[in-house]
Amino acid sequence: MKPMTCSPQINPLNRFIQLAILVAMGLQLALPVARAENIPDLYLHGGQSLDGEWKTIIDHYDSGFYDYRYSERDLSKNPSRAETFYLDVQPTNGTERVEYDFDASPMLKVPGDWNTQRPELFYYEGSVWYRKQFASSPLAAGERAFLRFGAANYRADVYLNGQKLGTHIGGFTPFSFEVTKQLKTGTNSLVVRVNNQRSKDGVPTLNTDWWNYGGLTRAVEIVRTPATFIADHRLWLESEETKMISGSVVIAGAKEGETVELAIGELNQKMTAKTDAEGRVNFRMAATNLSLWSPEHPKLYAVEISCGPDKITESIGFRTIRTRGKELLLNGQPVFLRGVCIHEEFPLNGGGRVNSPDKAKQLLLWAKELGCNFVRLAHYPHNEDMTRLADQLGIMVWSEVPVYWAIDWTNAATYHNAEQQLTDEIRRDDNRAAIIIWSLANETPLSEARTAFLTGLAKHARELDSTRLLSAAMERHTKSGSENMNVVEDPLADVVDVVAFNEYIGWYDGLPEKCAKVTWEIPYDKPVFISEFGGDSLQGLHGDKAQRWTEEFQADLYWQTLPMLDKIDGLVGFTPWILVDFRSPKRVLPGIQDGFNRKGLISSDGVKKQAFFVLQDYYRKRAE
Ligand code: GCU
């Protein structure tokens, strides 16, 4: 192979911090390669959708990304035309050697995971190159352009017209790149290397009980904005008594003194304010005629924000959520969370990641049919259709970052990755009235390093959003010498607002009849929440209730569990595991699991199991 030259490694972390600060100050910088940014309001500007069919190359050995010396091709000053996929070239004549050809390559649909689109990709973990050629009209004077991804699992290296835009890590949050300089009038070539390989230092890490769907799993678009544009906004209700609404808006590219107008027509509210040096304005208004958002009355208001030629409209509900001792108060009133856990997977039509509002809606409507006023979106931020629909349908939400099981607690890059995902989750959804709880983690093993890691995330989350509650799915243990005494003892419980834990009494721990014997020791003056319980059953498998895997066993487990939980002092709700059977590589029992976790109340064919009706009946009574 021809010898290659390698340039020095770029430290992405410093680059990212530099970029975040500069973007906040709205300055433009011609950076060669950047880490992705998250500009929340690009979503509301709408753009040119790049969804649909993309040409793809399965690159099992990553030879489009690394040369034969395993150096990254995009770090080379003159990458080989013959082998560097992101250049997206065709041979100029019959003699030129080019060893790839997107035009002749198969398609994959975007948004969507690759695993359920092609049988040879079902178990695939590695790199897939996506290429989209799209036409673009000239930018108007001063106009800017951004390339926005709803999400890509797990790492995305993004190139436009042969230039590297940057890299994004994390499979469940939005990211964007400014492409004002790179976008061409006419045909553009967008190439994305998506790699979903798991790693020890990843978030999540190597081991999960869900399918590691890879690909451009959420929408991709080009968003055009004026030179100065509305980049971010946040509104919240200070108090259900005063009905004072506070808010802030950030204008990218703004100098001091730009006029920003915020209006909520239905509340006869219209205010203007001037930007500060950072392009930020703050608002405060007394909305005495405000109708509060709640599951029974999911009232949303159209909020219009404008600055010069730029204007966005957002639907926002206003409510308060807080704790008082062991009580959970929604708009100042005690509330019980009738919930269920949901994975972002749709069982029907071939399964796979939820990639349309209709599929998201079906999952939430099943939860509604169950009698839920709350859902735990496990174990990672779901798509924004889900959280916006929850606003409209009046379903409160627990949203979580994939700090799941044994993360690499002492690794600074892992911490930064987790913190970045938390930042992007909160900044994407901090206007969603439905979201009442940010969850920091799931079933993480006790250690000082773990607690320091999660305490750091808690501090960061509170800095970003002090209006919502924090929790995490912790674990319980039994007291030595008394197997029926269940104790929750976790230093993290002192950090969070809601003490939540998973319990599998009757499934992983004993049989259902054990539920009647257990007692609890949960020494915190905080609301208690059961973030998981349940057991597997194969829909249609019937037998005696003592026979595991039958619907009768699962239904009986619910029968026995519900009264056990009702006895817990300070219980404010629960989310059984799980609404629908879901794919997991860990579930291999032939004839029963066959690659599915079968703890769903609804089967992978969309059929309700007996336990669904046991819980529905319980929630009906709870709601009376
Ligand atoms: C765990 C975990 C889930 C998992 C479930 C199960 O508690 O949080 O992700 O799927 O239990 O074992 O079914």
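The values are calculated or read from the model by the stated rules, or taken from the named source; none is laboratory data. Predicted, not measured: the structure shown is a model, and the values here were computed from it. Note: ideal-geometry Cβ built from the backbone for every residue, glycine included; neighbour counts use all protein chains shown. Calculation scope for accessible area: heavy atoms of the full protein, side chains included, ligands and nucleic acids excluded. Shrake-Rupley method; radii C 1.70, N 1.55, O 1.52, S 1.80 Å.
For this structure, a couple of remarks:
- For the stretch 345-376, a residue qualifies if it is aliphatic (A, V, I, L, M) and out of contact with any Leu (no Cβ under 9 Å at 6 or more places or on another chain), and exactly one does: 348.
- Subset of the stretch 151-169 (residues that are open to solvent by less than 10 Å² (accessible area, probe 1.4 Å), in a loop (DSSP other than H, G, I, E, B) and within 22 Å of residue 66 (Cβ to Cβ)): 152
- For the stretch 468-481, the criterion of being touching a residue at least 12 places away in the same chain (Cβ under 8 Å), touching a helix residue (DSSP H, G or I) at 6+ places or on another chain (Cβ under 9 Å), away from the ligand (no atom under 16 Å from the Cβ) and under 27 Å from residue 292 (Cα atoms) is met by at least one residue.
- Any hit, the stretch 434-443, residues being polar (S, T, N, Q), away from the ligand (no atom under 16 Å from the Cβ), over 21 Å from residue 525 (Cα atoms) and open to solvent by less than 50 Å² (accessible area, probe 1.4 Å): no
- Restricting the stretch 328-362 to residues that are polar (S, T, N, Q) and part of a loop (DSSP other than H, G, I, E, B), the residue that is surrounded by the most Cβ atoms within 10 Å (Cβ to Cβ): 355
- Residue check, residue 430 in contact with a strand residue (DSSP E or B) (Cβ under 6 Å, 6 or more places away or on another chain), charged (D, E, K, R) and over 23 Å from residue 406 (Cβ atoms): yes
- Taking (1) assigned to a strand (DSSP E or B); (2) under 19 Å from residue 151 (Cβ atoms) in turn, residue 436 satisfies each apart from (2).
- Residue within the stretch 553-575 that is within 16 Å of the ligand (Cβ to nearest atom), part of a loop (DSSP other than H, G, I, E, B) and at pLDDT 95 or above present: yes
- Subset of the stretch 289-309 [of a type in the set (S, T, N, Q) and open to solvent by 50 Å² or more (accessible area, probe 1.4 Å)]: 289
- Checked against (1) more than 16 Å from the ligand (Cβ to nearest atom); (2) outside any strand (DSSP E or B); (3) surrounded by 20 or more Cβ atoms within 10 Å (Cβ to Cβ), residue 381 meets all criteria but (1).
- Pairs where the first residue, in the stretch 586-603, is within 21 Å of residue 556 (Cβ to Cβ) and the second is away from the ligand (no atom under 14 Å from the Cβ) and assigned to a strand (DSSP E or B), C-beta under 8 Å, 6+ apart: 601/608; 602/608
- Residue match in the stretch 509-520 (condition: open to solvent by less than 20 Å² (accessible area, probe 1.4 Å), part of a loop (DSSP other than H, G, I, E, B), more than 16 Å from the ligand (Cβ to nearest atom) and under 13 Å from residue 565 (Cβ atoms)): yes
- Residues located in the stretch 74-112, provided they are among the small types (Gly, Ala, Ser), in a loop (DSSP other than H, G, I, E, B) and over 23 Å from residue 156 (Cβ atoms): 82, 94
- Residue satisfying all of: in the stretch 487-508; within 16 Å of the ligand (Cβ to nearest atom) and acidic (Asp, Glu); surrounded by the fewest Cβ atoms within 10 Å (Cβ to Cβ) among these: 490
- All positions within the stretch 521-538 that are within 16 Å of the ligand (Cβ to nearest atom) and either among the hydrophobic types (A, V, I, L, M, F, W, C) or closer than 18 Å to residue 589 by Cβ (or both): 529, 530, 533, 534, 535, 536, 537, 538
- Any hit, the stretch 124-142, residues being within 14 Å of residue 56 (Cα to Cα), part of a loop (DSSP other than H, G, I, E, B) and of a type in the set (Gly, Ala, Ser): yes
- Only one of 277, 286 that is modelled with pLDDT of 95 or more, open to solvent by 10 Å² or more (accessible area, probe 1.4 Å) and within 26 Å of residue 38 (Cα to Cα): 277
- Of the strands (runs of 3 or more DSSP E) lying entirely inside the stretch 253-301, those containing at least 3 residues that are under 18 Å from residue 315 (Cβ atoms) are 259-264.
- Residue match in the stretch 392-410 (condition: away from the ligand (no atom under 16 Å from the Cβ) and assigned to a strand (DSSP E or B)): yes
- Qualifying residue in the stretch 541-548 (condition: away from the ligand (no atom under 16 Å from the Cβ), surrounded by fewer than 23 Cβ atoms within 10 Å (Cβ to Cβ) and under 28 Å from residue 123 (Cβ atoms)): yes
- Checking 105, 80, 76 one by one, the residue that is over 17 Å from residue 163 (Cα atoms) and touching a residue at least 12 places away in the same chain (Cβ under 8 Å) is 105 and no other.
- For beta carbons closer than 7 Å, sequence separation of 6+ or different chains, a first residue in the stretch 440-464 that is among the β-branched types (Val, Ile, Thr) and a second that is away from the ligand (no atom under 16 Å from the Cβ) and not in a helix (DSSP H, G or I), the qualifying pairs are 455/495.
- Pairing residues of the stretch 392-408 that are open to solvent by 10 Å² or more (accessible area, probe 1.4 Å) with residues that are charged (D, E, K, R) and within 16 Å of the ligand (Cβ to nearest atom), at Cβ distances under 7 Å and at least 6 apart in sequence or on separate chains, gives 405/443.
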